[in-house]
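Input: a single structure, listed below in structure tokens.
The values are calculated or read from the model by the stated rules, or taken from the named source; none is laboratory data. Since the structure is predicted, the reported quantities are computational estimates derived from the model, not experimental observations. Virtual Cβ from ideal backbone geometry, glycine too; neighbours counted across all protein chains shown. Side chains are part of the model used for accessible areas, which takes the heavy atoms of the whole protein and leaves out ligands, DNA and RNA. Shrake-Rupley method; radii C 1.70, N 1.55, O 1.52, S 1.80 Å.
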Amino acid sequence: MQDDYQKTLEEAQTKIGACADATGLKAIEREYTGKDGVVQALLASIPSLPPEERRGVGQGANQLKQAVLEALAGRESELAQVSLAAERKGEGYDPTLPPAAVQRGSLHPVTMVMREVEDLFQSMGYSVLDGPEVELDYYNFEALNFPPDHPAREEYDTFWCDREGKLLLRTHTSPVQIRTLERLKPPIRAIVPGRVFRHEELDASHEHTFHQVEGLVVDEGVTVGHLTGTLKSFLRELFQRDLDVRLRPGYFPFVEPGFEFDIRCPFCEDGCRVCSKTTWVEFCGCGMVHPNVLRAGDVDPEKYTGFAFGFGLDRLVMLRYGIDDIRHFMGGDLRFLEQF
Ligand code: DAH
């Protein structure tokens with residue numbers, strides 16, 4: 001009996017010694033120690049053996065398995081040594097082979113649409129401005145005419161950055177309105193694309209981090225007509241056709257009057273999932289800049305008027321490409337990103 005094991009082991013060792021690659025070794029491993037392998041067959045035969053032989057066969061099978069695994073490991077490290085030595089001598093190295101293909105990245109869909117929006121507004125004479133993402137309460141709320149305990153702040157729950165409640169992650173791009181008024185004199189025509197943050201329950205249309213584009217125009221004699229005309233021209237370029245629009249009254253402390261600006265659903269004529277069967281899609285909040293906001297920026301409201309608007313860029317990208325879940329944008333999943 002013992003001789004049989006010895007013979008089987010020697011056979012295995014010979015095969016292992018003659019094997020020169022990892023795939024071959026794997027196959028030998030399966031042949032001996034796999035589910036349908038030699039060792040398993042020995043173990044499976046035990047119940048049908050006379051009791052006095054069982055123990056010996058069990059031990060023999062286990063020893064065989066150990067010895068085969070050891071021989072495999074030994075051969076594997078031998079092969080590794082050999083290939084390392086060859087590599088050190090420069091064998092197998094062909095400097096004329098082309099390099100491995102470099103994986104090329106692509107722009108994020110939000111970046112692509114953001115650039116398109118910037119181009120369109122620049123072509124209408126707008127500057128593209130920037131502001132800090134970690135913002136003072138003063139700019140995010142107070143100077144925008146949100147008094148300290150005003151309920152309108154409830155709409156904008158955010159992440160606070162200090163214990164005193166002065167520093168926060170901006171909840172919208174509107175604070176840059178004040179920073180712009182402080183820095184530039186009218187006439188002003190600017191957009192501010194940027195990242196904004198909210199402490200929200202996350203779902204298919206809510207993310208903690210998303211993107212907005214703010215617009216601000218301040219000059220003598222600016223009216224609601226300029227506001228709607230501008231947004232209509234912008235949308236015509238973006239969707240390459242005229243879309244019906246409508247204004248509804250809307251409340252934002254930093255504009256008076258304030259509006260919700262809706263567009264006719266770009267996808268349907270009589271109601272679909274995107275427009276929740278209403279044929280209208282909310283596009284942005286907008287209005288005439290509140291006199292208190294102009295004053296906070298040291299601009300004389302008796303002399304100047306202005307309009308402002310703010311729209312969600314992510315939503316626009318979703319409309320543009322038919323994306324149904326906003327969480328894809330920050331998810332970092334290459335299967336999503338590689339489609340753009
Ligand atoms: N900042 C507002 C928000 O995030 C959107 C907005 C509404 C911006 C009206 C404006 C505006 O400039 O005039 O909900």
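Projecting label points 7 angstrom from Cα along Cα→Cβ for R320 and Y93 puts them 4.7 nm apart.
Of the heavy-atom accessible surface of the chain (probe 1.4 angstrom), what whole percent is carbon and sulfur?
50 percent
In this label model, L202 and S45 are separated by 5.9 nm, measuring between points 7 Å along each Cα→Cβ vector.
Counting only residues at least eight positions apart within a chain, or on another chain, the lysines with an alpha carbon under 17 Å from that of K7 are K15, K65.
Output the antiparallel fraction of DSSP beta bridges having both residues in the chain, as a percent to the nearest 5.
Antiparallel bridges: around 95 percent, rounded to the nearest 5.
Unpaired cysteine residues in the chain (no second Cys Cβ under 4.7 Å): C19, C161, C284, C286. If I build a Gaussian network model for the chain, linking alpha-carbon pairs within less than 10 angstrom, which residue out of D130, D298, D21 has the largest mean-square fluctuation? Checking each option, the largest mean-square fluctuation is seen for D21. Rg/Rh, computed from the Cα trace of region 125-185 with Rh as the Kirkwood radius, has the value 0.99.
For a quick check of your reading of the filter: which GluC sites (Glu not before Pro) in region 1-104 sit in a DSSP loop and have no more than 10 other Cβ atoms within 10 Å?
E91
Between Q6 and A27, the C-beta separation translates, for a Förster distance of 30 Å, into a calculated FRET efficiency of about 0.85.
Surface listing: C161, C268 arranged by accessible area from highest to lowest gives C161, C268, probe 1.4 Å. Residues in the chain average 58 Å² of solvent-accessible surface per residue, probe 1.4 Å, ligands and nucleic acids excluded.
A full extension of the chain between R241 and E220 corresponds to an added length of 4.5 nm, given 0.36 nm per residue minus the alpha carbon distance.
When both region 1-75 and region 230-273 are represented by their alpha-carbon centers, they are found 76 Å apart. Given their separation in residues at 0.36 nm each and the Cα-Cα distance between them, D130 and D36 gain 27.1 nm when the chain is fully extended. Volume per residue for region 2-89 equals 73 cubic angstrom (convex hull of Cα atoms).
Taking only DSSP H segments of four or more residues, each worth -39500 (n - 2.57), what value at 222 nm results for the chain once the sum is divided by all its residues, to the nearest 500 deg cm²/dmol?
Helix contribution divided over all residues of the chain: -13000 deg cm²/dmol.
Projecting the Cα atoms of G332, Q103, V128 onto the charge dipole of the chain (Cβ charges, centred on the Cα centre) puts Q103 farthest toward the positive pole. Model label points for E269 and K303, set 7 angstrom from Cα along the Cα-to-Cβ axis, are 5.3 nm apart. On full extension, the segment bounded by R55 and T14 gains 12.0 nm, given 0.36 nm per residue less the C-alpha separation. Taking 14 Å as the straight-line reach from the Cα of K185, the aspartates and glutamates in range (excluding those fewer than 8 positions away in the same chain) are D219, E220, D298, D300.
So, counting K/R as plus one and D/E as minus one, what does the shell of residues with Cβ under 10 Å around E282 add up to? Taking every other residue near E282 into account, the sum is 0.
Check each of the GluC sites (Glu not before Pro) in region 245-317 and keep only those in coil by DSSP with at most 12 other C-beta atoms within 10 angstrom; list them in order. Here the GluC sites (Glu not before Pro) that fit, given the DSSP loop and packing criteria, are E269, E302. Volume per residue for the chain equals 293 cubic angstrom (convex hull of Cα atoms). Mean separation of Cα pairs under 8 Å and 6 or more residues apart, divided by the residue count, gives the chain a relative contact order of 15 percent.
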